[in-house]
Amino acid sequence: MSYEVLKVDDLKLLISEQYIDLKDSLLESIKNYGVITPIIVAKGVVCDGHKRLIASKKLGIKEIPAVITDGEPVELLFELNDREFNINQISLLIRGLKDNQIANLCKKVGFSNSPQMVYSIKYLSNLLERYPELYEYQLPANIWRELGHLDENLDKYAVDLLKMHGTVSEKRNIAVYLRQAQRRGELPDSIRAEKAEDVFPLLQKTAQPRQTKAYEKFEKAIENIDLPNNASVRIDPTFSQPGVTLTLSVIRSELEKIEQTKKAIQKLFDEVPEL
């Protein structure tokens with residue numbers, strides 16, 4: 001390990017500049033005081049200090065203090081950072097790595113290191129290379145692991161699922177449905193929809209025909225119960241979580257709505273025993 005002053009233009013970044021969030025406060029600090037903490041470099045690649053290097057470039061600084069060390073740049077980045085990395089960030093770091101290296105990296109950051117996870121990260125890496133604007137959209141690692149089971153079919157659904165409005169739970173259910181539909185040999189052509197909840201009826205009919213009847217029973221029952229106007233009911237469309245999620249707003253003069261809601265929900269439970 002050695003300390004040197006290196007030319008800024010000679011250094012490469014592990015993560016492309018377009019994905020780095022550079023704060024004005026760092027620019028101002030380096031402008032006033034210079035780079036106080038050296039960056040760390042291995043094999044000509046910056047392992048720690050991306051923001052310091054980018055800020056130096058923007059300020060027209062030609063040289064930067066650096067610690068030169070041995071080792072693989074990606075591995076060193078994780079050794080030198082104790083923060084959590086999301087799957088989008090990981091996907092930017094695996095370009096050029098072999099499958100076993102990606103699996104080891106997944107294990108190091110707490111992801112599954114299954115073949116499906118490796119496949120998904122490689123797919124996401126290629127996707128972000130083609131469409132960098134998708135970096136702002138996030139899906140947790142466990143959803144990507146589910147999607148990895150789809151193999152080449154993954155490309156038909158990934159972007160739609162990324163952009164779709166919905167909760168993590170809803171999107172994970174969609175991934176599970178897709179996997180079940182694939183087992184049945186009945187994958188849909190697409191899942192294009194604005195909201196995740198809009199995708200459930202079609203996928204459930206395809207992936208879980210026995211639960212479809214329960215869901216249809218619920219949709220019919222919800223139309224026939226007398227809920228207050230400002231009350232809403234949500235369920236787990238897979239019926240793996242029992243019960244309902246009820247939202248109700250009342251003021252002091254509307255307390256009778258609580259009893260009205262209680263009767264409506266009891267009727268719903270009576271008509272849909274699966275809940």
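The values are calculated or read from the model by the stated rules, or taken from the named source; none is laboratory data. A quick note: this is a predicted structure, and the numbers were derived from the prediction, not measured. Glycine also receives a Cβ, built like all others from the backbone with ideal geometry; neighbour counts cover every protein chain displayed. What goes into the accessible areas is simple: the full protein's heavy atoms, side chains included, and nothing from ligands, DNA or RNA. Shrake-Rupley method; radii C 1.70, N 1.55, O 1.52, S 1.80 Å.
Points worth noting:
- Carbon-plus-sulfur accessible fraction, the stretch 161-275 (probe radius 1.4 Å, protein heavy atoms only): 47%.
- For residue 22 and residue 75, a Förster radius of 35 Å and the Cβ-Cβ distance give a FRET efficiency of 0.90, rounded to the nearest 0.05.
- Counted residue by residue at 0.36 nm each, then reduced by the alpha carbon distance between them, the extension gain from residue 1 to residue 169 reaches 55.8 nm.
- Contact order normalised by residue count of the chain, Cα under 8 Å, 6+ apart, percent: 11 percent
- Dipole in debye (nearest 20) - the stretch 71-195, about Cα centre, beta carbon charges: Lys, Arg +1; Asp, Glu -1: 320 debye
- Structure-based [θ]222 nm, the chain - -39500 (n - 2.57) summed over DSSP H runs of at least 4, per residue, nearest 500: -14000 deg cm²/dmol
- Relative contact order, percent, the stretch 138-196 [alpha-carbon distance under 8 Å, six or more residues apart]: 47 percent
- Evaluated with a Cβ-only charge set (Lys, Arg +1; Asp, Glu -1), the chain carries a dipole of roughly 180 debye about its Cα centre, given to the nearest 20.
- Protection proxy ranking, highest mean first, for peptides 252-262, 115-125, 157-167: 115-125, 157-167, 252-262, where packing is the per-residue count of other beta-carbon atoms within 10 Å, averaged.
- Take the stretch 81-224 with all the other protein chains still there, run a 1.4 Å probe, and you get 53 Å² of accessible area per residue.
- Placing +1 on the Cβ of every Lys and Arg and -1 on the Cβ of every Asp and Glu, with no other charges, gives the stretch 1-116 a dipole of roughly 220 debye about its Cα centre.
- Distance from the C-alpha centroid of the stretch 153-197 to that of the stretch 51-86: 37 Å, rounded to the whole angstrom.
- Multiplying the residue separation of residue 255 and residue 58 by 0.36 nm and removing their Cα-Cα distance gives an extension gain of 64.8 nm.
- Each of 224, 128, 142 was scored by the projection of its Cα onto the charge dipole of the chain, and the greatest displacement toward the positive side belongs to 142; charges sit on the C-beta of Lys, Arg, Asp and Glu.
- Dividing the mean sequence gap of close Cα pairs (under 8 Å, 6+ apart) by how many residues the stretch 1-139 holds gives a relative contact order of 24 percent.
- For residue 12, a cut-off of 14 angstrom between C-alpha atoms picks up these aspartates and glutamates, skipping any fewer than 8 places away in its own chain: 48, 63, 72.
- Note that the stretch 1-78 presents 58 Å² accessible area per residue, ligands and nucleic acids not counted, probe 1.4 Å.
- A simple spin-label model places the labels of residue 159 and residue 129 1.7 nm from each other, with each point 7 Å out along Cα-to-Cβ.
- Over 19 Å (Cα to Cα) - which of 213/257; 23/51; 23/43; 7/57 fall in this group: 213/257; 23/43
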